[in-house]
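**Q** Okay, here's the structure, questions in a sec.
The values are calculated or read from the model by the stated rules, or taken from the named source; none is laboratory data. Predicted model, so just to flag it, every value in this text is computed and none were measured. Positions of Cβ are backbone-derived with ideal geometry, glycine not excepted, and every protein chain shown enters the neighbour counts.
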Amino acid sequence: MNHYYLKSDALTGGVITRILEDSWRQKSTVSKQDLKALHQVFSDNDMFNEVAENIYVPVSAEKEELEEKLVKGIIAHLERGKKEPENKLNHVKLFPKNGFILKDGIYGSAFGRFNYIYRSKGIRIYWFESGDIEYRAVYATINEYGFQYAAEEVDGCNIFDDLDLSDISCSPLEEAFGTGEILISNLVKIKEDFIRDYPIEYLLYPPDVDKLSSFSIQVREQIWDAIIELIKELALDYNNDKEGLLCYLIEFMESQEIQPSAYHVIELFDFYRENQSKINEKEFFKMMSIVRQSSTPEGLPLPPVNAEELIKELEAIPEGTENANAYHDLIFRCLSIIFDRSLKRGKKEVPMNEGRKRVDIVFDNRDTTGFFAHIRYQNNIPCPKILIECKNYSSDPKNPEVDQLLGRFGDLTGRFGFLVCRKIEDDKLLLKRCRDAVYHRRDFVICLEDKDIKALLKLKETSDEEGIMEYLLYKMDRLILNS
């Protein structure tokens, strides 16, 4: 039986902290026992509530004055008491079992823009009180015919069945609990349920009720509680393994943008004051600096993107291998800015295969609503990592350059990447080389040249995240549609 370093979280009886520590120990698979234990916690915390499966609200042919409609609504409300409104019963079909949204991957769709009042699509993963976990494709439109919403099942399982959890690898359910990290990253983002007054509130959360659930708030706080206790232990009795666990946890919390509360930092200062003579001050302040870097105030605006300056830098770098490092460094900076919401933990010159290979740039794919989420969910392209090769050539990349990037792909790293170069003269030939990889190996390479980087920077400067997604989807369509 493993000895666990982390203090058990009280909310789940140590399930959350154990899953995180197991992930650090490279035991990434979540056990059925842990899923069942979490299910009981959800039940104890009354997290299972009504969830809509289909909605259809047609546009009424009758015209009513606003004041008349309001009066009629007030009278109907008083007459029915606690009964459900007739309009809800007529237009909203609920799932037969209560549940909650474990992962919400809905985003506004630009296809058909301004032909609809609103249109969205994406995925939602539901956890039901029956133990069913279902991955569903969600589509919604608001147009001249009314409001339509549908959640269509794509994949599912029941945690109480005789289920081999290894079967979910590379299936849509991997986005629910494929690894411990994935599961915890979903559990810290569950929204608070609320009483819905309008059908559209099953799709969109009004600002006044768009808040984290009490469960997720407690999970966040108790993970930080465990981290603070680990720091105290390290300050009194340093252990190399524990420091590795601490760095892993801090990095995970940063990736989820979860910062310690003020009382956590105060607790550490109080601990220092009371134990100053006993602790290793050098190690303690090193750990404090790590925590303080993670505790920047929430809601601070990101520095504005100066596309013009970055474009000038790009144009100033001469083509050729002697300037490859400068080009590589600048592309890393540009992509870090363009994809700051979706790609995290960017690294340069990353060794692979015990150092026998290297890849220019690697990012972790943390996207939930943008392009990288789309290719993962809709195209079923494994892409936990986004691999990038940069070529500062004066000529087009050829087969060896494409093959070099393809040689870095794998089941663990993923099967999607970018090949970035200065310019492409024969676009059709390079696209054919990349399509060959799609059809023969199901590997996906999108080529970006300087003009693409410039266009994406300009979109980022105006915070046009939808424009960035559409730009990349166009390139993806060219790759896979053979058009």
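**Q** Looking at residue 208 and the list (1) within 30 Å of residue 123 (Cα to Cα); (2) under 23 Å from the mean Cα position of the chain (by Cα), which single condition is not satisfied?
**A** (2)
To keep it simple, each residue is scored yes or no on (1) out of contact with any helix residue (DSSP H, G or I) (no Cβ under 7 Å at 6 or more places or on another chain); (2) at pLDDT below 90; (3) in the same structural domain as residue 470 (by TED's automatic domain parsing).
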{"residue": "366", "(1), (2), (3)": "no, yes, yes"}
{"residue": "372", "(1), (2), (3)": "yes, no, yes"}
{"residue": "380", "(1), (2), (3)": "yes, yes, yes"}
{"residue": "384", "(1), (2), (3)": "yes, yes, yes"}
{"residue": "393", "(1), (2), (3)": "yes, no, yes"}
{"residue": "407", "(1), (2), (3)": "yes, yes, yes"}
{"residue": "416", "(1), (2), (3)": "no, no, yes"}
{"residue": "426", "(1), (2), (3)": "yes, no, yes"}
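**Q** Moving on to the next point. Within the bounds of the stretch 108-129, is there any residue that is at pLDDT 90 or above and hydroxyl-bearing (Ser, Thr, Tyr)?
**A** Yes, the conditions are met somewhere in the stretch 108-129.
**Q** Looking only at the stretch 434-450, filter to residues that are in a helix (DSSP H, G or I) and buried (at least 19 other Cβ atoms within 10 Å of the Cβ); which one of those is modelled with the lowest pLDDT?
**A** The qualifying residue modelled with the lowest pLDDT is 437.
**Q** I need a count of the residues in the stretch 378-415 that are assigned to a strand (DSSP E or B) and of a type in the set (Lys, Arg).
**A** The qualifying residues number 2.
**Q** Could you list, ordered by first residue, the pairs with Cβ atoms under 6 Å in which the first is in the stretch 305-325 and of a type outside the set (A, V, I, L, M) and the second is crowded, with 16+ Cβ neighbours inside 10 Å and part of a helix (DSSP H, G or I), at least 6 apart or interchain?
**A** Sorted first by the residue in the stretch 305-325, then by its partner, the pairs are 313/330.
**Q** In the stretch 408-418, which residues are surrounded by 20 or more Cβ atoms within 10 Å (Cβ to Cβ) and either closer than 20 Å to residue 318 by Cβ or out of contact with any Asp or Glu (no Cβ under 9 Å at 6 or more places or on another chain) (or both)?
**A** 414
**Q** Please pick out the residue among 479, 430, 472, 457 that is more than 30 Å from residue 309 (Cα to Cα) and in contact (Cβ under 8 Å) with a residue 12 or more places away in the chain.
**A** Testing whether each residue is more than 30 Å from residue 309 (Cα to Cα) and in contact (Cβ under 8 Å) with a residue 12 or more places away in the chain leaves just 479.
**Q** Considering only residues that are within 12 Å of the chain's Cα centre (by Cα) and of a type in the set (D, E, K, R), look in the stretch 155-188 and name the one that is farthest from residue 99 (Cα to Cα).
**A** Per the criteria, the residue is 181.
**Q** Would you tally the residues in the stretch 289-329 being within 25 Å of residue 249 (Cα to Cα) and modelled with pLDDT of 90 or more?
**A** 0
**Q** Would you mind stating whether residue 455 is touching a strand residue (DSSP E or B) at 6+ places or on another chain (Cβ under 8 Å) and part of a helix (DSSP H, G or I)?
**A** no
**Q** Confirm whether residue 453 is β-branched (Val, Ile, Thr) and at pLDDT 95 or above.
**A** Here the answer is yes, as residue 453 does meet what is asked.
**Q** Would you mind stating whether residue 462 is in contact (Cβ under 8 Å) with a residue 24 or more places away in the chain, in the same structural domain as residue 369 (by TED's automatic domain parsing) and among the polar types (S, T, N, Q)?
**A** no
**Q** Would you pick out the residues in the stretch 233-256 that are under 25 Å from residue 278 (Cβ atoms) and surrounded by fewer than 18 Cβ atoms within 10 Å (Cβ to Cβ)?
**A** Result: 233, 236, 237, 238, 239, 240, 241, 242, 243, 244, 247.
**Q** State all residues of the stretch 144-173 that are among the charged types (D, E, K, R) and within 30 Å of residue 58 (Cβ to Cβ); if no residue qualifies, say none.
**A** Selection gives 144, 152, 153.
**Q** For the condition of a type in the set (Ser, Thr, Tyr) and within 30 Å of residue 271 (Cβ to Cβ), what is the one hit in 120, 214, 171, 130?
**A** 214
**Q** Could you check the stretch 133-173 and list, in sequence order, the residues that are in contact with a strand residue (DSSP E or B) (Cβ under 7 Å, 6 or more places away or on another chain), of a type in the set (Ser, Thr, Tyr) and closer than 21 Å to residue 28 by Cα?
**A** 135, 171
**Q** Name, by its number, the condition in (1) surrounded by fewer than 16 Cβ atoms within 10 Å (Cβ to Cβ); (2) not in a helix (DSSP H, G or I) that does not hold for residue 259.
**A** Status for residue 259: all satisfied but (1).
**Q** Let me ask you something else. Scan 376, 422 and give me the residue that is modelled with pLDDT under 90 and either crowded, with 21+ Cβ neighbours inside 10 Å or not assigned by TED's automatic domain parsing to the domain that holds residue 362 (or both).
**A** Of 376, 422, the one residue that is modelled with pLDDT under 90 and either crowded, with 21+ Cβ neighbours inside 10 Å or not assigned by TED's automatic domain parsing to the domain that holds residue 362 (or both) is 376.
**Q** Confirm whether residue 331 is among the hydrophobic types (A, V, I, L, M, F, W, C), closer than 17 Å to residue 457 by Cα and surrounded by 14 or more Cβ atoms within 10 Å (Cβ to Cβ).
**A** For residue 331, the condition - among the hydrophobic types (A, V, I, L, M, F, W, C), closer than 17 Å to residue 457 by Cα and surrounded by 14 or more Cβ atoms within 10 Å (Cβ to Cβ) - is met.
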